[in-house]
Amino acid sequence: MKILACGFAILDILVAGLERLPEPGGVVLAPLGIKFWIGGHPVNVSMDLMQLGCARGDVAASFAVGKDLAGEFIRRKLEEAGVLTFVQLVDEADTGKTVVLVLQGRDRSFIGSPGANFHLSLDHVMNSISKFSPDIFYLACGILGEFDYKIDKVLELCRSRGMITLLDVAPPHGKGWDFLIKALKHVDVFHVNVDELREITGSRNVVKGLVKLRELGVRLPVVTGGGSGAFLLARGKYLHQPSFKVKMVDPTGAGDAFCAGLIKFIVDRKLSKDRLVNLSMEEYAEMLLFAQAVGAACVEGVGTTTGVKLERVAQLLKSQSEKILSSTIVRLC
């Protein structure tokens, strides 16, 4: 099965393991160094998929970058890993960049500049789809400028061609969440975290939020909550699975790794579009288990993708899957 990941591309400037932030005029040394790495949901997902064992040529990424070293770095890293790239070069903006600060024992903080991502064009994405003809289309939106308002057209095209569609989000820049609503009826799998679920649906209750997404047309809504595990709504039932226990070094990219795990599960089992939304609850539990294991491996490394290794995922599954599956809850909504 061929996968096309589309959306924003970012050069991450990572500073992890900090004990504190500097006071004004002060200096704090970076205990784990300052690292440059690729970022952006579709970039991370495509790299993770290669590291999980997808074949060269089966994974592609479509995105916009500036005509600069940062954009060339992202393209080169992906192509070295075996990812095909459909790159839109933008004259009027630099490649998007994010400074990622990770304090010990706390979630990360971001200082971002979307840059060229604001200029991603509908024509470029449509051409990427036509040239690559994927079986699975993954789209991450929220910081794509005017393109965000056109995602319904892209997802509708993919649905009409029988592709499995996965939608992911970043907190929107300069807009609310309304742009999502008309697109959700074309989405097979929609991934959000707990905070995004609350903002999109207005519900602080995860189950009610999942039900709302289903009412808006999502066939399989999935929510991740970090240490609180993963949640899913299917077949009129609500599934909650606890998280893996690992030593977190850098949580950056964990949600993207989770999505890569979902996609790899679909690929390995050659699931059709209809089969995907008609699995047994036991199969959905296995799907979440694998995706969570990929996300857990991710947070053990510095950067968005460095921790994602198939061998480590297998180790986590071997050591923790029995306990996690036995603690997984399935209830009627």
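The values are calculated or read from the model by the stated rules, or taken from the named source; none is laboratory data. The model shown is predicted, which means the values in this text are computed figures rather than measured ones. Note that we place each Cβ from the backbone using ideal geometry, even for glycine, and neighbour counts take in every protein chain shown. Accessible surface is based on the protein model in full, side chains and every heavy atom, while ligands, DNA and RNA are left aside. Shrake-Rupley method; radii C 1.70, N 1.55, O 1.52, S 1.80 Å.
What does the charge dipole of the stretch 223-333 about its Cα centre add up to, to the nearest 20 debye, if the Cβ of each Lys and Arg holds +1 and the Cβ of each Asp and Glu holds -1?
So the magnitude is around 180 debye.
On a full-extension model of 0.36 nm per residue, what is the gain between residue 131 and residue 160, subtracting their alpha-carbon distance, rounded to one decimal in nm?
Fully extending the segment from residue 131 to residue 160 adds 8.8 nm.
Mind ordering 271-283, 288-300 by average Cβ neighbours within 10 Å, highest first?
288-300, 271-283
Within the stretch 32-102, list the GluC sites (Glu not before Pro) lying in a DSSP loop whose Cβ has at most 14 other Cβ atoms in a 10 Å radius.
Those that pass, being in a loop and sparsely packed, are 92.
If you put +1 on each Lys and Arg Cβ and -1 on each Asp and Glu Cβ, how big is the dipole of the chain around its Cα centre, in Debye rounded to 20?
960
So how many Lys-Lys pairs in the stretch 241-333 land under 26 Å Cα to Cα, not counting same-chain pairs under 8 apart?
16
Between residue 330 and residue 121, what is the FRET efficiency for a Förster distance of 35 Å, r being their Cβ-Cβ separation, to the nearest 0.05?
0.20
Scan around residue 6 for amide H atoms under 5 Å from its own, H built in the peptide plane at 1.01 Å from N, and keep only partners 5 or more places away or cross-chain.
Correct list: 62, 138, 139, 140.
Of all accessible surface on the stretch 243-331 at a 1.4 Å probe, what whole percent is carbon and sulfur?
Carbon and sulfur: 53 percent of the exposed surface of the stretch 243-331.
Between the stretch 6-52 and the stretch 257-271, how many Å separate their Cα centres?
Measuring centre to centre over Cα atoms gives 25 Å.
Going from the alpha-carbon gyration tensor of the chain, what semi-axes, largest first and in whole Å, does one get by taking the root of 5 times each eigenvalue? Present the calculation step by step, with values, prior to reporting the outcome.
Numbers: eigenvalues 151, 124, 76 Å².
The answer is 27, 25, 19 Å, longest axis first.
Sequence gap at least 6, Cα distance under 8 Å: using those rules, report the relative contact order of the stretch 107-179 to the nearest whole percent.
Once normalised by length, the contact order is 36 percent.
Please work out how much length the chain gains when fully extended from residue 245 to residue 56, using 0.36 nm per residue of separation minus the C-alpha to C-alpha distance, in nm with one decimal. All intermediate terms of the calculation are to be shown ahead of the outcome.
Numbers: separation 189, 0.36 × 189 = 68.04 nm, distance 3.17 nm.
Working it through step by step, the gained length comes to 64.9 nm.
Given 50, 114, 227, which one lies farthest toward the positive end of the charge dipole of the chain, if we put +1 on the Cβ of every Lys and Arg and -1 on the Cβ of every Asp and Glu?
Highest projection toward the positive end goes to 227.
In sequence order, what are the phi-derived ³J(HN,Hα) couplings for the stretch 133-139 according to the Karplus relation 6.51 cos²θ - 1.76 cosθ + 1.60 with θ = phi - 60°, rounded to whole Hz, with x for glycine and proline?
Each residue's phi maps through the Karplus curve to give 6, x, 8, 10, 10, 10, 10 Hz.
Between 211, 167, 10, whose Cα lies farthest towards the positive end of the dipole of the chain when Lys and Arg beta carbons carry +1 and Asp and Glu beta carbons carry -1, centred on the Cα centre?
In the chain, that residue is 211.
Considering only 321, 130, 46, give the residue with the highest GNM mean-square fluctuation for the chain, with springs between Cα atoms whenever their separation is below 10 Å.
Judging by the Gaussian network model, the answer is 130.
May I ask you to derive the FRET efficiency for residue 235 and residue 80 from their Cβ-Cβ distance with R0 = 45 Å, giving the value to the nearest 0.05? Before the final figure, lay out the partial values.
Details: r = 42 Å, r/R0 = 0.92.
After rounding to 0.05, the efficiency reads 0.60.
Answer with one residue from 238, 324, 278: the one whose Cα lies farthest towards the positive end of the charge dipole of the stretch 215-333, charges on Cβ with Lys, Arg +1 and Asp, Glu -1.
278
Leaving out ligands and nucleic acids, and using a 1.4 Å probe, what accessible area per residue does the stretch 113-207 come to in Å²?
39
Taking a label point 7 Å from the Cα of residue 30 along the Cα→Cβ vector, which residues of the stretch 58-101 have an amide N closer than 11 Å to it?
What the label zone holds, given the 11 Å backbone N cut-off, is 99-101.
If you add up the charges near residue 152, with Lys and Arg at +1 and Asp and Glu at -1, over every other residue whose beta carbon is less than 11 angstrom from its beta carbon, what do you get?
Details: positive: 150, 153, 159, 182, 185; negative: 148, 156.
Around residue 152, the charge tally is +3.
For the chain, modelled as a Gaussian network with Cα springs under 10 Å, which listed residue fluctuates most, 82, 202, 142?
For the chain, modelled as a Gaussian network with Cα springs under 10 Å, the answer is 202.
Enter the accessible area per residue of the stretch 38-106 (Å², integer; probe 1.4 Å; all protein chains in place).
Accessible surface, normalised per residue, equals 38 Å².
Rank 227, 115, 307 by mean-square fluctuation in a GNM of the chain with C-alpha springs under 10 angstrom and give only the top-ranked residue.
Most flexible of the set in this elastic network: 227.
Note the count of lysine pairs whose C-alpha atoms are less than 20 angstrom apart in the stretch 1-146, limited to pairs 8 or more residues apart or on different chains. Each step should come with its number before you reach the end.
Numbers: 2/77; 2/131; 35/77; 35/97; 67/77; 67/97; 77/97.
Qualifying lysine pairs in the stretch 1-146: 7.
How many angstrom lie between the Cα centre of the stretch 158-191 and the Cα centre of the stretch 97-117?
23
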